[in-house]
Every structure is written in structure tokens, then in C-alpha cells.
Amino acid sequence: QVQLVESGGGLVQPGGSLRLSCAASGRIFGIYVMGWYRQAPGKQRELVAVITNGGATTYADSVKGRFTISRDNAKNTVYLQMNSLKPEDKAVYYCKLSPGNYWGQGTQVTVSS
């Protein structure tokens, strides 16, 4: 079994920054992809960014140039640096590890003045 624990969410003003962290523990073997997804009220969960073991990244168009995903393989931890936050970035952010489709519990990000 794999456990994912997220941290770093909160309330920030438009234009501000937050850094999310997600630490994985448990039976983690081999090559895996870690990523961040988000779900706003009344909307479907959507991909924000993913990163492979080798560091290859993919971003949603809406966050390109503002968000940066990174990982520390030695710590089985993935990060999401979020800059220039906008009110539309408000959502619950979830960490995911694949294969196996393991999800974290989610962390709330609110962008408001």
C-alpha cells in the first residue's frame, strides 16, 4: 500500500505564491509518475502538472509559466511551486502517484483578496 500526504495549501492574495508538497511512503518500487491535480467546486478534477522519475514534466496550459513541478526521488516527494496565483486557481489540490492510481487527501488552495 502507498500513502500520500500533502501539505502547503492555504489562503493567498492574487499574485501571491504557495508551495505544495506531497510525500509518498509505503510500497513504492521502480519507475513511477507523480503529479498534481485540482478540483474546483462544481468542476471535474483536472491535471495540473506531472513529472516522471527522470524529470520530464507536463503542465496544463492554464498554469504554464506560473507553476513549477519538481521531485526529490530520495525522499519520494513531489513539490508544486505556484507563483502569480489567480482567483481561478482556487481548488482542492490532490497529489497522485502512478502506476496504481494512489491519491492524497487533498489540500485547499484559496486565492482571494
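The values are calculated or read from the model by the stated rules, or taken from the named source; none is laboratory data. Given the structure is predicted, the values throughout are model-derived calculations rather than measurements. Counting neighbours? That spans all protein chains shown, and the Cβs are built from the backbone with ideal geometry, glycine included. All accessible areas refer to the heavy atoms of the entire protein, side chains included, with ligands and DNA or RNA removed. Shrake-Rupley method; radii C 1.70, N 1.55, O 1.52, S 1.80 Å.
Return yes when LEU80 is farther than 30 Å from SER113 by Cα, touching a residue at least 60 places away in the same chain (Cβ under 8 Å) and part of a strand (DSSP E or B) and no when it is not. Criteria not met by LEU80.
Quick one: is PRO41 more than 23 Å from GLN1 (Cα to Cα), modelled with pLDDT of 95 or more and open to solvent by 30 Å² or more (accessible area, probe 1.4 Å)?
On the way: more than 23 Å from GLN1 (Cα to Cα): yes; modelled with pLDDT of 95 or more: no; open to solvent by 30 Å² or more (accessible area, probe 1.4 Å): yes.
So PRO41 fails the test.
Applying the set (1) in contact (Cβ under 8 Å) with a residue 60 or more places away in the chain; (2) outside any strand (DSSP E or B); (3) out of contact with any Gly (no Cβ under 8 Å at 6 or more places or on another chain) to LEU85 leaves exactly one unmet item: (3).
Can you name every residue in the range 65-79 that is among the aromatic types (Phe, Trp, Tyr) and open to solvent by 30 Å² or more (accessible area, probe 1.4 Å)?
The first filter runs over the range 65-79 and keeps only residues among the aromatic types (Phe, Trp, Tyr), leaving 67, 79.
Once the filter is applied, which keeps residues that are among the aromatic types (Phe, Trp, Tyr) and open to solvent by 30 Å² or more (accessible area, probe 1.4 Å), the range 65-79 yields only TYR79.
Quick check on my filter: what residues within the range 47-58 are within 20 Å of LEU18 (Cβ to Cβ) and either basic (Lys, Arg) or more than 11 Å from the chain's Cα centre (by Cα) (or both)? Break it down stepwise before answering.
Of all residues in the range 47-58, those within 20 Å of LEU18 (Cβ to Cβ) come to 47-51, 57.
Matches in the range 47-58: THR57 only.
Within the range 46-77, the residues that satisfy the criterion of being small (Gly, Ala, Ser) and outside any loop (DSSP other than H, G, I, E, B) are ALA49, SER70, ALA74. Among residues of the range 101-113 that are open to solvent by less than 30 Å² (accessible area, probe 1.4 Å), those with a beta-carbon under 8 Å from a residue that is of a type in the set (Asp, Glu) at least six positions away or on a different chain give the pairs GLY104/GLU6; GLY106/GLU6; THR107/GLU6; VAL109/ASP89; VAL111/GLU88; VAL111/ASP89. The requirement of being within 13 Å of TYR94 (Cα to Cα), among the acidic types (Asp, Glu) and touching a Leu at 6+ places or on another chain (Cβ under 8 Å) is satisfied by GLU6.
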